[in-house]
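Read the figures in this text as sums done on the coordinates, not as results from a lab. It should be emphasised that the depicted structure is a prediction, and the values quoted were computed from it without experimental measurement. Ideal geometry is used to build each Cβ from the backbone, glycine not excepted, and the neighbour counts take in all protein chains shown.
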Amino acid sequence: MNMLDDNTTMDNTTIDKLKYDLVRDGLVTYDEIEHANELAIAQNTNIGQILINSQIISEEALMRFLEEKLHTPFVDLENYAIDKKCLDFISYKDALKFKILPLFIIEDTLTIAMADPLNLFSIDKIMQITKKNIDPVIASEKSILKKINEYYDVKSKVEDIKLDETKTYSWIQELHNDTMSSEHIQVLFRAILKQAIGEKIHELYFENNEDGLSVNFKKTDKIIQTGVIPSLLTNSFIQSLKSMSNLDPNVFEIPQLGKLNFNVDGNELTASVSAFPTISGERILIKIYHPPIAIKDLNIPQEKIEYIRQCLNIAGVILICGSSLSGKTHLIYSILSNLIPKSKVAMSLESIAKYKLKNVAQCELNENIGFNLDKAMRFIEFQSPDIIYFEGISTKEGLDYFTSLTLKNKSLITEFLAQNMDDLRRKFDLNEFTMFKSVITCLIFIHGKDSIEVFDKKDIEKYL
């Protein structure tokens with residue numbers, strides 16, 4: 001195993017050499033630098049990012065300090081336009097591996113933004129890769145990683161996956177290869193995805209335990225642990241996965257939600273990637289969404305499809321129910337793709353837009369800037385939609401608001417978790433659902449892959 005390649009993504013030679021200068025200049029205390037150093041070792045990250053994340057020193061103050069000490073210019077990448085032709089000199093994988101961003105080239109000298117300009121090993125490697133002289137400038141690690149994900153094509157981050165239904169796959173085979181560089185960590189993740197898709201898994205998660213990072217596949221009735229990524233590789237793997245998903249790899253104290261696109265046998269798939277802090281380390285959950293299929297290809301009688309279409313033309317709620325991983329969202333996307341009347345304005349409020357829909361104005365929620373479901377619900381009426389898809393309603397206030405929209409002639413679509421019809425009846429017996437039940441015009445229950453039941457208004461009154 002080539003640990004030299006792996007370690008280059010974790011250390012920051014510059015900060016490590018100058019950390020006590022921060023104390024001498026009065027920017028941090030000795031105790032703060034020592035505590036940050038301990039955390040950096042424990043979390044296998046660099047001390048500079050610990051200082052910033054702990055709000056001991058601001059990112060700008062740290063960058064200005066480095067600029068003065070190293071006599072190397074600091075570049076604010078937020079306000080900098082790079083020469084995109086320079087991206088051809090450094091691949092996405094190498095940019096992520098060395099935490100660098102090419103800015104511009106003059107003759108044979110390529111100027112790059114680096115978080116660690118004293119890392120001579122990295123500079124030497126970059127010179128070998130580019131066959132150019134390298135002139136480094138300083139930029140924050142966070143901004144470099146953000147811009148890498150903005151400038152490089154997202155689809156190139158996971159190589160195309162091809163499946164052979166006659167073969168079985170095990171990502172463990174990739175784990176035992178001789179090298180484990182940053183490039184190979186991406187290959188390992190691709191192998192995990194390939195096995196999951198080959199086994200028709202729609203949800204998988206990574207969880208820290210005493211041996212490392214366990215890789216778990218979730219099926220409707222069970223959880224399968226497929227193996228463990230060793231502790232030595234855990235941080236590298238999580239950082240790489242988060243970067244590929246447009247998440248900040250240096251933030252681990254708060255939840256983050258990202259998205260990943262990749263191709264399988266020529267079909268583009270989308271996955272939501274959720275990172276959540278726990279006392280054992282971050283837990284990463286991935287949900288894989290397949291492209292919606294034509295509504296006529298689902299196991300729904302034509303007269304029931306026509307009834308769903310009619311309900312989209314009147315005020316009320318179309319409720320899609322089923323157990324976890326039953327395909328509720330997939331069915332909703334098929335409805336939105338095929339049945340929206342041309343005369344109607346349709347909008348969606350989603351945590352992640354799984355696929356782009358032609359006839360729907362899709363809105364992705366963004367907690368980082370305060371665009372949450374509550375705010376979206378308060379303002380969406382100003383857009384005058386006729387049909388609204390809400391990903392889910394989780395509060396009594398949200399449920400009441402959702403119900404009230406039907407009184408304003410809105411047709412609403414949402415999903416509801418229920419294991420079976422008996423479970424649905426028990427939940428709907430609660431007082432909170434009395435008004436909501438009265439405005440449901442169509443209830444669709446997914447019993448299984450080939451069993452979808454559609455209830456009209458009379459059926460709903462009879463069975464609920």
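Rounded to the nearest 0.05, what FRET efficiency do Asp450 and Asn267 give with R0 = 22 Å and r taken as the Cβ-Cβ distance? Could you check? Please report the intermediate quantities before stating the final value.
Working: r = 21 Å, r/R0 = 0.96.
Result of the calculation: an efficiency of 0.55.
Take Lys131 and Thr29, extend 7 Å from each Cα along the Cα→Cβ direction, and tell me the distance between the two endpoints in nm.
The modelled label-to-label distance comes out at 5.5 nm.
Viscosity 1.002 mPa s, temperature 20 °C: what is the translational diffusion coefficient of segment 314-353 from Stokes-Einstein with a Kirkwood Rh over Cα pairs, rounded to a whole number of µm²/s?
Working: Rh = 11.8 Å.
This corresponds to a translational diffusion coefficient of 181 µm²/s.
As an exercise, use a Förster radius of 60 Å and the Cβ-Cβ distance of Ser54 and Asp423 to find the FRET efficiency, rounded to the nearest 0.05.
On the way: r = 45 Å, r/R0 = 0.76.
With R0 = 60 Å, the Cβ-Cβ based efficiency is 0.85.
Need the full-extension length gain, Glu381 to Lys69, defined as separation in residues times 0.36 nm minus the C-alpha distance. One decimal, nm.
Working: separation 312, 0.36 × 312 = 112.32 nm, distance 5.43 nm.
Between Glu381 and Lys69, full extension yields an extra 106.9 nm.
So what is the diffusion coefficient of segment 3-152 in µm² per second by Stokes-Einstein at 25 °C and 0.890 mPa s, using a Kirkwood Rh over Cα pairs? Before the final figure, lay out the partial values.
Values: Rh = 15.7 Å.
After rounding, the answer is 156 µm²/s.
Do any cysteines of the chain lack a neighbour Cys whose Cβ is under 4.7 Å away, and which are they?
Cys86, Cys321, Cys363
According to a simple spin-label model (label point 7 Å from Cα along Cα-to-Cβ), what is the distance in nm between Lys462 and Asp124?
8.0
Put a dot 7 Å past each Cα toward the Cβ at Lys167 and Asn79; how far apart are the dots in nm?
With each label placed 7 Å out from Cα toward Cβ, I get 5.3 nm.
Could you rank the peptides 237-243, 80-86, 186-192 by their average count of other C-beta atoms within 10 Å per residue, with the highest value first?
Output ranking for 237-243, 80-86, 186-192: 237-243, 186-192, 80-86.
How many angstrom lie between the C-alpha centres of segment 104-121 and segment 263-282?
Their Cα centres are 32 Å away from one another.
Over the alpha carbons of segment 295-463, what is the largest minus smallest coordinate on each principal axis, giving the biggest first in Å?
The Cα atoms of segment 295-463 stretch 40, 36, 29 Å along the principal axes, largest first.
Say R0 is 35 Å: what FRET efficiency, to the nearest 0.05, do Met435 and Ala361 get from their beta-carbon distance? Provide the component values of the computation, followed by the final result.
On the way: r = 28 Å, r/R0 = 0.79.
In this case the efficiency is close to 0.80.
How long are the semi-axes of the equivalent ellipsoid of the chain, taking √(5λ) for every eigenvalue λ of the Cα gyration tensor, in whole Å from largest down? Please list the in-between numbers first.
Details: eigenvalues 442, 120, 93 Å².
Computed over the chain, the values are 47, 25, 22 Å.
Hey, how many Å between the Cα centroid of segment 323-353 and the Cα centroid of segment 187-250?
Cα centroid of segment 323-353 versus Cα centroid of segment 187-250: 28 Å apart.
Can you tell me how segment 156-289 classifies by the Cα gyration tensor, rounded, prolate or oblate, using a/c under 1.5 as the rounded cut? Present the calculation step by step, with values, prior to reporting the outcome.
Numbers: a/c = 1.34, a/b = 1.27, b/c = 1.06.
Rounded, because the longest to shortest axis ratio a/c is under 1.5.
Kindly provide the Kirkwood hydrodynamic radius of segment 349-418 in Å, to one decimal, from all pairs of distinct alpha carbon atoms.
Details: mean 1/r = 0.0779 Å⁻¹.
Evaluated over segment 349-418, this radius sits at 12.8 Å.
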